[in-house]
Structure formats: C-alpha cells, structure tokens
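Visitor: Shown below is the structure under consideration.
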Amino acid sequence: MKRFFAFLFCFVLLSALVSVPALAYTADDGAGNLTETGKDPDTTVNAEGDYINITGLETKINGTVGGDVLGIFTTFTADGLEVGGSMRFVAAQTEIKNVTCRNLTFASADVDIGEGVNARAVVIWAMGKVEFSGVCDTLEIHASEVVIKGEIKNSAKIYADSVKFGSDASVKDITVKSAGKPVMANGNDAVKHFDGALVWEQVNIWKEAFMDLPRVIIYALAGAVIIQLVFSKSTRAASALFKEHPIRFSLSGLFLLLSVPGFAMFMLMLSTEISTALTLVYFAFIEVSQLFAGSVIGARVFPTMNRFLSAIIATTTIAILASLPLVGGVVSLICLMVAFGYFSVTVFPKRAPRQETEIQQ
C-alpha cells in the first residue's frame, strides 16, 4: 500500500509541474511552443520549443521536439519521437519505443519501454509491471514487477516485488531491493549471472513497516492536531452523519471515489483547467483521507473525550494499521470511503442521511 500512495504523490506532483507551465502557453506563442488539447489521438509533432500535451486521452505522438514533452494522458504512446529536452508526464498506460531524449521521468500504471529508446536518465514510478528494453546511462524504477531486457551503461536502482532479467540484458552496476531474489528469464540466479555487477538487498516488508513507525506516528500526531484546528466542525458533522447511517454514508463515499476519475477524464474534452483542478483536488483528498477519517472515527468512538485527544488516538491507530502489510490496504480504503462519504453528502445535501431521517419522523 505504501507504493500505492507513493504513486499517487508522484502523480499529483508531476500533474502540478505539468499544469502550471502549460497554462502560460497558447496554441502557438511564436517561439515554437505548442499546447495541444489531445483531441486527435495520432499527432505528428514538429516544434522548435516545448511541446505540451496536457489533455491527452489516447494519445500517440511522433516527430521532432526541440524542447521538452510534458503531459497527462490515459494511454500514451510515443513511437519515432526525437526530443531535444526531457519527457515528463503521467499516464495510466505507457508505451515508448524508438525515442531519444535527455531525461525520461514519469508515473504510470503499466509501462513498456521498447527497443530504440535512448536516454541519459530514466526514472519510473509504476503500480504494475515495467518492461525496459531501451538504453540509458542511469535507471531508477519503483514498481511491482520489473523486467530488464535493455542496456544500463552506468548505474541503476530497482525497487520492486519481483525482478527478472532477459538473456540480452546488459548492466554495469545495479542494485535491486526486492522481497524475492532477482532471476534470469531461464530461472537462473541473476546475481551469479552478472558476477558482482548486481547487488541484491532483500526487503523484509514487516521490518520496514516497523522501522517506519516513528515517521508514521509523528505524521498522525501533527495531522490530527491540524485537522482539528482547521476542520473541527466538518469532522463533528461527518461523525454525526456516520453515526446515523454508516453503511449508506460509506457506500456513497465509495461511489464518489470510483466515479470522479471517469468524470475528470470526460471533462478533458470540455475544459482542461477544470479537469486538471478536479484531478488535483481528488488526489489531495486522498492524501488527507487518513487524517480526516481519524478525526471522524475518534469523535464517533470517544464522543465525550476531548476532541484533540480523541482525534490523536484514532488517527494514530489508523495510521499505524494502514502502514502494515496485508491489513493496510483495507484500512486505507475505509478511510477513503469515510472522507469521500462526507464530501458526497455535503455536495448533495438532499441525499444526506440526516435529512432523510427527519422526513421519516
């Protein structure tokens, strides 16, 4: 679950970095800078300056770019693209081949870096599988599963659950941190195959979780106090609504959690600014969901206790449970349902459980 939130953090950060400069450009500002809306899924680019595609849905680009490529996409494919600067973007699915650039930095779910990709530095955050068949000087990958088939000229660091190397993979100096030992495609020991060029550090997920507890506790303590100082009325209102109809409250939060991304993608066709703002607010809500849910549950479980103390106890307990393997995902999902549940009944007050109760009386 830690990788999930790391991915979300990178998504939000890269989205902000992309959206801010993009708003400064017009369709053609006279300096070779371009801004596209992504309405055409197949685009040939020839820009002297920066090519910025911030609203791509299913986007495929090729051509020549003198500056950087920046964007947010659902599905992003680059084939036959020559970039003078760097590529920085976020996407749900990514496929890149026959591309040259200075640096390649992005966040995605699944990634396929094919042959013909050449970059100085490649940094990837992914939730799923990453397959790398290109050539780079330095490489850093955070993912669930990693397959290396290309060439790493200098050094690399890979953080994943499982790591596999193809028979043609070439590495000079690489460190792998994973729970399972890295292997070759034929199942042989990759550490022995590369004879000292590969160093494996076994990751004990439970040990890492306990080592991370001090940071988690400090985060929970500070967050609980801030939430009470800023949103105490909201947490008390949410606690009252949650007490009356917890199931309906949580299900409405789950519905909103699942439906907002689709609505944000739909808004790409109408307004880039609204879609970007909605996406950033959505992930900001996810980031603070544990803190908000902790205060709500604390007020529900300890109704007569001091609001700061109840929030600290509940938030700290939730944060610790969410950081543990196996149970962390369930706890985090419950927090998301509570946070989005309050938002849903606030935006749609006619459907709030409290008002329905009053009508029945």
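Visitor: Nothing charged except the Cβ atoms of Lys and Arg (+1) and of Asp and Glu (-1): what's the magnitude of the dipole of the range 177-270 about its Cα centre? Round to the nearest 20 debye. Each step should come with its number before you reach the end.
Guide: Values: 9 positive and 6 negative charges, 86 e Å.
Value, rounded to 20: 420 debye.
Visitor: Where nothing but the Cβ of Lys and Arg (+1) and of Asp and Glu (-1) is charged, how large is the charge dipole of the range 96-210 around its Cα centre, in debye to the nearest 20? Working shown, then result.
Guide: Numbers: 13 positive and 15 negative charges, 33 e Å.
With Lys and Arg at +1 and Asp and Glu at -1, about 160 debye.
Visitor: Shifting gears a bit: Among the listed pairs K181/K207; K129/K172; K177/K207; K60/K153; K153/K181, which have their C-alpha atoms separated by more than 19 angstrom in this model? Don't skip to the answer; put the middle values down first.
Guide: On the way: K181/K207 17 Å; K129/K172 23 Å; K177/K207 14 Å; K60/K153 28 Å; K153/K181 22 Å.
Where the Cα-Cα span goes over 19 Å, the pairs concerned are K129/K172; K60/K153; K153/K181.
Visitor: So how much slack lies between L280 and K181, counting 0.36 nm per residue of separation and subtracting their Cα-Cα distance, in nm?
Guide: Working: separation 99, 0.36 × 99 = 35.64 nm, distance 3.74 nm.
Extending this stretch completely gives an extra 31.9 nm.
Visitor: Apply the Karplus curve 6.51 cos²θ - 1.76 cosθ + 1.60, θ = phi - 60°, to the phi angles in the range 311-316 and return the couplings in whole Hz, x for Gly and Pro.
Guide: Once θ is set to phi - 60°, the couplings for the range 311-316 become 5, 5, 4, 5, 5, 5 Hz.
Visitor: Classify the range 127-211 as rounded, prolate or oblate from the Cα gyration tensor: take a ≥ b ≥ c as the square roots of its eigenvalues, call it rounded if a/c is under 1.5, otherwise prolate when a/b beats b/c and oblate if not.
Guide: On the way: a/c = 1.63, a/b = 1.48, b/c = 1.10.
Here the range 127-211 falls in the prolate category.
Visitor: Using the basic label-point model (7 angstrom from Cα toward the beta carbon), what is the S155 to E287 distance in nanometres?
Guide: With each label point 7 Å from Cα toward Cβ, the separation is 2.9 nm.
Visitor: Which residues' amide hydrogens lie under 5 Å from the amide hydrogen of G114, considering only partners 5 or more residues apart or on another chain, with H built in the peptide plane?
Guide: I96, K97, S133
Visitor: Of I113, T100, G85, which is farthest along the charge dipole of the range 84-127 in the positive direction, counting Lys and Arg as +1 and Asp and Glu as -1 at C-beta?
Guide: So the residue we want is G85.
Visitor: Using amide H atoms built in the peptide plane, which far-off residues or other-chain residues are under 5 Å from G66 H to H?
Guide: A47, E48, G49, G84
Each value in this text was obtained by applying a stated rule to the coordinates, not by laboratory testing. Remember, it's a predicted structure, so these values are computed and weren't measured experimentally. As a convention, Cβ positions derive from the backbone with ideal geometry for all residues, glycine included, and neighbour counts pool all protein chains shown.
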